[in-house]
1. For segment 77-146, state which trypsin sites (Lys or Arg not before Pro) are in a DSSP loop and have at most 15 other beta carbons lying within 10 Å of their beta carbon.
2. Using the structure shown, list the pairs from Lys73/Lys123; Lys73/Lys145; Lys51/Lys133; Lys106/Lys128; Lys17/Lys133; Lys9/Lys73 with a Cα-Cα distance above 22 Å, or answer none.
3. Computed over the Cα atoms of segment 73-145, what is the ratio Rg over Rh, Rh following Kirkwood?
4. Once you compute Rg and the Kirkwood Rh from C-alpha atoms, what is the Rg to Rh ratio for the chain?
5. Expressed in whole Å with the largest first, what are the equivalent ellipsoid semi-axes of segment 5-68 derived from the C-alpha gyration tensor as the square root of 5 times each eigenvalue?
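Quick note: the coordinates plus some simple rules give every number you see, no bench work behind them. Remember, predicted model here, so these are calculated numbers, not experimental data. So basically every Cβ, Gly included, is an ideal-geometry build from the backbone, and we count neighbours across all protein chains shown.
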Amino acid sequence: MSIPEITQKLLASKKEKGLSFADLEKILGRDEVWIAAVIYRQASASPQEAKLLVEALGLDANYIEELTQYPIKGLGPVVPTDPLIYRFYEIMQVYGMPLKAVIHEKFGDGIMSAIDFTLDVEKEEDPKGDRIKVIMSGKFLPYKKW
């Protein structure tokens, strides 16, 4: 997966400033995962959000316009090779159909929106090793009959 040049610059500035995504969440008033999606060009910011982000990172205002553009979303057509990202792919390979069956049983025939959607990552401390808790919440969209 290639990382866009703007993403590389934003991440370098974030590192240079010693900022975390949680720090940027406080500055922008938006969730840290959403901010990361903007930086990785998977989401677009409003002009005000882009201005706050660019200022927090100490970058030139020229970046504001690009961060407000509609991005091309997705990892691409290949199986991801990054181990962490691949695990989510593997989870869907193993649990995708069972998850689909449970969702249909509870909600009916439809899908979970990826537009009316939130994603949160929490750290759960555990004596056996810390755990990652990923919380996805999407609006149920039933299929229409016509």
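1. Filter output for segment 77-146: Lys128, Lys144, Lys145.
2. Where the Cα-Cα span goes over 22 Å, the pairs concerned are Lys73/Lys123; Lys73/Lys145; Lys51/Lys133; Lys106/Lys128; Lys17/Lys133.
3. 1.02
4. 1.01
5. Listed largest to smallest, the semi-axes of segment 5-68 are 14, 13, 11 Å.
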